[in-house]
Amino acid sequence: MGSMTESRGMEAGTATRMTGGDALVAGLHRWGVDTVFGVPGVQLDEFFDGLYRNHDGIRLIHTRHEQGAAYMALGYAMVTGRPGVCAVVPGPGVLNAGAALSTAYACNARVLCLTSTVNSALLDRRHGALHEINDQTGLLRNLTKWSGRASHASDIPRLVDEAFRQLLTGRPQPVALEIPPDILAQVAMIRFDAAMPSLEKPVIDPVAVEQAARLATTARNPMIVVGGGALGARDEIRALAERLQAPVVSRHMGRGTLRDDDDYALPAAAALPHWADIDLVIGIGTRLQQLREWGHDDRLKIIRIDLDQAEMQRVVPPTVALFGDAADGTAALVAALDAVGVSRPDRRAEFHAIKQAFREEISRDIQPQMSYLDVIRAAMADDDVFVDEMTQVGYASRYGLPIHTPRTYVNSSYQGTLGYGFATALGAQVGAGRRRTISVNGDGGFLYTMPELATAMLHNIPLTAIVFFDGNFGNVRRIQQNKYQGRLIASELHNPDFVKLAESFGMKGILADGPAALAQALADTKGHDGPVLIAVPFELDKTASPWKHVHGRKVR
Ligand SMILES: Cc1ncc(C[n+]2csc(CCOP(=O)(O)OP(=O)(O)O)c2C)c(N)n1
């Protein structure tokens, strides 16, 4: 095939004759992609063959199901902050990836979904071609921030550049690219622009900064709330907290913005009772759901720093909207405060006492979850990664597991996607490299992506997955017991023997009954060169409801 196949070495700015598949691979190289998670199929053959011939530097992790591939791309993206790429066949493949894309959307994760379509000539004709679904483009448009479809191989450079520009500017959310199989096979003159697209950030408006600084200086009792958009702004946010003597509150996506043991960090659940007393909230890179869940009134002034103009106006328009990157906007605000000189009495002891009382309360009330979380935290280095799930220990982790490093707490945000955890954690582990990744699962959620045990073995992904098994969709069962007078329906589960299951894949499987046994199992498997499954028996009836501190309530 000669020069046609040399997509890796091609020079930007110079046209080279190659297939669309090779152009796509060249685009991934151009943007530094090092991992693709995917499931092959006939419409993607030209792309996979392109990877075969030009894979240098790109690790292909093929999974057992498209949901696994897309969840892994999600986990990779959340832990690294870089785009996570999945490749899935059109129609059923895209639909199988759908829950992961909706979760990536909720998590503001940089996921690129590469897919195909039916042949170009058959698009939108409803002939019933292989994998055809109606208006796949419309479906993808609704699951992503941006999606593109190639109509000629020479479109591919422009579309790939735009996909990555969308991923790397503004609010991070998933994007998708459809390339019909005939376009992947088409040979054309392919040219990438010599210059990479500019990845500009908004310029911070000094007038808005002045207004924000004035509000902040006059506030009696301010609170800072951070979300996933704030993860890269630790130093700036800490400086702001110091100047204002304000607590920095995070719920799930913003966990790790400050170290949880920082003087100014407060878990949202501990901050809730104090929401009624604050007169200013500064929301940074957050949906600020507290406005909706905890309430608002005229006494509450609002400053928002965000890359998404529409998000800032949702629920209640803010008093001051600072459009921009969290670090830039916060740094500008700190500089403006320093220019006028703010000095406030030290409130650190107060925040410490609130945090301490909350810890004591949950350690007493939320059992056995807190005992398990204490054991898990003790087994983790500060920068090891934890992936939660819709399970009893997972819910408690949102407020009960201290997090010290940005991008080490993975959660499904408002999507609440049961079954996302195990596969997402595999991708997280790939992104985390040598750092240990621990995932917690219920027996219900774990079986959603259980076949990816095979992927973990084949690709030697050294994840530690813990499965808490109680033979029930426990959360559903608790609701049926409490709200529906014990009319249990569709909540009982039949389980495999999890240790034997792991072993049947050639994987290390351990039964750990109780927190001490889990601590031992985690210690014994530290540094193990391969995946580990630890099964922990769990009794729902002896488990505290973790919800009190997850669900907010109106306090103003
Ligand atoms: C995709 C999806 N399907 C269904 C649900 C509803 N749901 C929430 S929790 C739950 C049960 C989870 O059971 P399990 O994984 O065993 O965890 P446990 O509560 O027993 O710890 C279900 C069915 C959901 N959140 N997401």
Checklist outcome for this item: Within segment 358-380, residues part of a helix (DSSP H, G or I) and of a type in the set (Val, Ile, Thr) come out as Ile362, Val375, Ile376
Checklist entry - Looking at segment 517-537, which of the residues that are open to solvent by less than 20 Å² (accessible area, probe 1.4 Å) and not β-branched (Val, Ile, Thr) is farthest from the ligand (Cβ to nearest atom)? => result Gly530
Checklist entry - For segment 432-478, which residues satisfy the criterion of being within 9 Å of the ligand (Cβ to nearest atom) and at positive phi? => result Gly471
Item to check | Flag for Ala544 being within 30 Å of Glu360 (Cα to Cα), within 15 Å of the ligand (Cβ to nearest atom), in contact (Cβ under 8 Å) with a residue 24 or more places away in the chain and buried (at least 19 other Cβ atoms within 10 Å of the Cβ) | outcome: no
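Restricting to segment 383-414, give me the number of residues that are assigned to a loop (DSSP other than H, G, I, E, B) and within 11 Å of the chain's Cα centre (by Cα).
Total satisfying the criteria: 5.
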Item to check | Complete set of residues in segment 291-307 that are open to solvent by less than 30 Å² (accessible area, probe 1.4 Å) and either outside any strand (DSSP E or B) or of a type in the set (Asp, Glu) (or both) | outcome: Leu291, Trp294, Gly295, Leu300, Asp306
Next on the checklist: Against the condition open to solvent by 20 Å² or more (accessible area, probe 1.4 Å) and among the aromatic types (Phe, Trp, Tyr), how does Tyr414 come out, does it pass?
Outcome noted: yes
Next on the checklist: Which of the numbered conditions does Val203 fail, given that it passes all the others? Conditions: (1) open to solvent by 60 Å² or more (accessible area, probe 1.4 Å); (2) in contact (Cβ under 8 Å) with a residue 24 or more places away in the chain; (3) of a type in the set (A, V, I, L, M, F, W, C); (4) assigned to a helix (DSSP H, G or I).
Outcome noted: (4)
Next on the checklist: Need the failing condition index for Ala517 against (1) closer than 21 Å to Leu373 by Cα; (2) out of contact with any Pro (no Cβ under 6 Å at 6 or more places or on another chain); (3) in contact (Cβ under 8 Å) with a residue 24 or more places away in the chain, just the number.
Outcome noted: (3)
Next on the checklist: For segment 223-249, which positions are outside any loop (DSSP other than H, G, I, E, B), open to solvent by 10 Å² or more (accessible area, probe 1.4 Å) and either on the phi > 0 side of the Ramachandran plot or not acidic (Asp, Glu) (or both)?
Outcome noted: Gly228, Gly229, Arg234, Arg238, Ala239, Arg243
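Results for (1) surrounded by fewer than 16 Cβ atoms within 10 Å (Cβ to Cβ); (2) touching a helix residue (DSSP H, G or I) at 6+ places or on another chain (Cβ under 7 Å); (3) not in a strand (DSSP E or B), shown as yes or no for each residue.
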{"site": "Glu311", "(1), (2), (3)": "no, no, yes"}
{"site": "Pro318", "(1), (2), (3)": "no, yes, yes"}
{"site": "Asp346", "(1), (2), (3)": "yes, no, yes"}
{"site": "Gln356", "(1), (2), (3)": "yes, no, yes"}
Item to check | Subset of segment 479-512 (residues that are in contact with a helix residue (DSSP H, G or I) (Cβ under 7 Å, 6 or more places away or on another chain), within 15 Å of the ligand (Cβ to nearest atom) and either open to solvent by less than 40 Å² (accessible area, probe 1.4 Å) or within 19 Å of Gly419 (Cα to Cα) (or both)) | outcome: Ser491, Leu493, Asn495
Next on the checklist: Here is a list: Ala428, Ala454. Which entry is open to solvent by less than 10 Å² (accessible area, probe 1.4 Å) and among the small types (Gly, Ala, Ser)?
Outcome noted: Ala428
Checklist entry - Does Val39 fit the bill of being open to solvent by 10 Å² or more (accessible area, probe 1.4 Å) and at pLDDT 95 or above? => result yes
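The values are calculated or read from the model by the stated rules, or taken from the named source; none is laboratory data. Since we're looking at a predicted model, the values are computed, not measured. Glycine also receives a Cβ, built like all others from the backbone with ideal geometry; neighbour counts cover every protein chain displayed. All accessible areas refer to the heavy atoms of the entire protein, side chains included, with ligands and DNA or RNA removed. Shrake-Rupley method; radii C 1.70, N 1.55, O 1.52, S 1.80 Å.
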